[in-house]
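What follows is one structure encoded as structure tokens, with my remarks underneath.
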Amino acid sequence: MDAIEKLLAGNRAWAKQRVAEDPQYFRHLAELQRPEYLWIGCSDSRVAANVITGTQPGEVFVQRNIANLVVDTDLNLFSVLEYAVKVLEVRHVIVCGHYGCGGVKAAMTRESLGLIDKWLYSIKDVYRLHRAELDDLAGEARVDRLVELNVREQVVNLTKTAIIQSAWKHHRRPHLHGWVYGLTDGLMKPLVTLPPGSPVDEVFAYDNV
């Protein structure tokens, strides 16, 4: 139980420090949630949105999964996306991957790893689409390039949703961003930004949103 007590003790110390700095901190935090950003990130414990962006609780609405995927069968992600866009009215949706991602590395192997195999299909599809480029690379360079391509593809997947298309049409928001975080230097690399009204592949475009 020492490991659990460490977390609880850390929580108590953190709460005490917040109150010492601002006696009304938790009262204000409890009264309103109006984040400007939705963060779709990887579950990796080293890539915590608030920590690496220097933001405070209440500023970023967060959804995380293995390898930061936007998969059309993920009801959790789509529920988060709909709530963030329609209710919280976020102005930016950020898909953030990270170099050295274990999920991406696993998708590049030919090993069956169990239940996660089905989750990794999406990354394998990205690999398939860019096989010629990736096969010219080796080692970490190859993994890191697939990390970047995967982030870009997940941003595109957001544009395929009725949620985003409707928000773009009626509210001119949100902007979509694809970033990659560097574990070795702590810095973010912006890869792509799609403003509201960006082109959507006609196969996925909805006329009645």
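Read-outs: derived from the displayed coordinates by stated rules, not from any lab. Quantities reported herein were computed from a predicted structural model and do not represent experimental measurements. Reconstructed Cβ throughout: ideal geometry from the backbone, glycine too, with neighbour counts over all protein chains shown.
Listed values, structure above:
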read-out: Those residues of region 15-33 which are within 26 Å of the chain's Cα centre (by Cα) and surrounded by 10 or more Cβ atoms within 10 Å (Cβ to Cβ), in sequence order; value: 29, 33
read-out: Set 182, 114: member being on the phi > 0 side of the Ramachandran plot and small (Gly, Ala, Ser); value: 114
read-out: Lone unmet requirement of (1) without any contact (Cβ under 8 Å) to a residue 12 or more places away in the chain; (2) in a helix (DSSP H, G or I) for residue 109; value: (2)
read-out: Filtered residue count, region 86-106, keeping only those that are outside any helix (DSSP H, G or I) and closer than 20 Å to residue 183 by Cβ; value: 8
read-out: Hits in region 1-25 (condition: of a type in the set (A, V, I, L, M, F, W, C), more than 29 Å from residue 65 (Cβ to Cβ) and assigned to a helix (DSSP H, G or I)); value: 9, 13, 19, 20
read-out: Filtered residues of region 129-140 (kept if under 22 Å from the mean Cα position of the chain (by Cα) and either in a helix (DSSP H, G or I) or among the aliphatic types (A, V, I, L, M) (or both)); value: 129, 140
read-out: Selected residue [within 22 Å of residue 48 (Cα to Cα) and in contact with a Leu (Cβ under 6 Å, 6 or more places away or on another chain)] from 143, 90; value: 90
